[in-house]
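The values are calculated or read from the model by the stated rules, or taken from the named source; none is laboratory data. All of these numbers come straight from a predicted model, not from anything done at the bench. Glycine gets a Cβ as well: all are built from the backbone with ideal geometry, and neighbour counts include every protein chain shown.
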Amino acid sequence: MFTQSSLKPALLMAAGLLSVGLALGSFTAQAGPGDRAQRPHAPRGDWSSHTERQRTEDGHTAHTTWNGSNGKTATRDATVVNDKAAQTRTRDVSYTGPNGKQRSVHDVTQKTDSGYARNSTYTNADDESATRNAVVTNDKDNGTRTREVTYTGVNGKTATANTVTTRTDTGYTRDTTVTGPNGGSGAREVVVACDKAAGHCTKDVAVNSNN
């Protein structure tokens with residue numbers, strides 16, 4: 001048993017071993033100007049950014065430009081399309097870094113009766129692709145939310161991360177199990193309890209790593 005501050009390697013396995021976890025975790029975020037998902041594309045040092053967002057009939061487009069003090073620029077272009085009839089949301093994002101290299105992300109989110117499914121494809125500057133497929137299921141009767149995620153890296157190897165969040169009388173518990181491409185696994189347990197009357201909450205985290 002390890003505390004959160006002492007060891008996390010198993011839980012970072014999906015991201016660290018495959019690289020797709022970090023890539024998709026960053027690139028598929030709904031990024032706003034200057035937020036962490038975009039900063040890797042901005043010129044280093046002092047920089048400024050300008051974003052224009054245009055509403056469309058079925059979604060929106062957004063264009064962001066970063067200007068560095070060294071004269072270099074980077075851009076992010078996003079198009080989001082909502083299909084109410086099909087209950088889908090499609091997002092295409094392209095990035096051009098200060099070095100001129102391009103990366104892209106393609107997301108399709110499909111609403112389901114009990115949650116949603118989201119399939120993401122990340123393509124790097126070498127035209128190599130990695131994927132992240134997530135299925136989220138909500139069980140209102142039992143007060144649970146299950147998230148099952150499969151990552152496939154550019155090398156074809158896969159990793160999985162399964163998370164179950166359960167509502168309790170005073171907060172929630174969240175249990176995550178990660179399995180890496182080479183069979184390594186890990187688990188993370190979070191317990192949050194709140195005393196509303198006292199305005200006080202506690203959070204306990206435990207991590208188990210099986211290498």
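Quick look at the numbers
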quantity	calculated
Filter result for residue 119 (of a type outside the set (Val, Ile, Thr), part of a strand (DSSP E or B) and more than 18 Å from the chain's Cα centre (by Cα))	no
Only one of 25, 16, 34 that is surrounded by 13 or more Cβ atoms within 10 Å (Cβ to Cβ), at pLDDT below 90 and either touching a strand residue (DSSP E or B) at 6+ places or on another chain (Cβ under 7 Å) or part of a strand (DSSP E or B) (or both)	34
Search result, residues across the range 72-92 that are more than 20 Å from the chain's Cα centre (by Cα), of a type in the set (D, E, K, R) and part of a strand (DSSP E or B)	83
Members of the range 113-132 that are under 18 Å from residue 78 (Cα atoms) and touching a residue at least 24 places away in the same chain (Cβ under 8 Å)	120, 122, 124, 125
Residues satisfying the stated conditions in the range 105-137, i.e. surrounded by 15 or more Cβ atoms within 10 Å (Cβ to Cβ), over 20 Å from residue 159 (Cβ atoms) and of a type in the set (Gly, Ala, Ser)	115
Unique match (being outside the structural domain of residue 85 (by TED's automatic domain parsing) and either of a type in the set (Lys, Arg) or in a strand (DSSP E or B) (or both)) among 163, 137	163
Positions within the range 93-104 being part of a strand (DSSP E or B) and either of a type in the set (Phe, Trp, Tyr) or loosely packed, with under 15 Cβ neighbours inside 10 Å (or both), in sequence order	95, 102
Condition check for residue 157: loosely packed, with under 13 Cβ neighbours inside 10 Å and either in the same structural domain as residue 95 (by TED's automatic domain parsing) or on the phi < 0 side of the Ramachandran plot (or both)	no
Residue, surrounded by the fewest Cβ atoms within 10 Å (Cβ to Cβ), within the range 60-75, restricted to residues that are touching a Ser or Thr at 6+ places or on another chain (Cβ under 7 Å) and under 30 Å from residue 112 (Cα atoms)	61
Of the criteria (1) in contact with a Ser or Thr (Cβ under 9 Å, 6 or more places away or on another chain); (2) closer than 21 Å to residue 118 by Cα, which one residue 156 fails	(1)
Matching residues, the range 179-204, being touching a residue at least 60 places away in the same chain (Cβ under 8 Å) and either out of contact with any Ser or Thr (no Cβ under 7 Å at 6 or more places or on another chain) or aromatic (Phe, Trp, Tyr) (or both)	180, 182, 184
Given (1) farther than 30 Å from residue 94 by Cβ; (2) in contact with a helix residue (DSSP H, G or I) (Cβ under 8 Å, 6 or more places away or on another chain); (3) assigned to a strand (DSSP E or B), number of the condition residue 132 does not satisfy	(1)
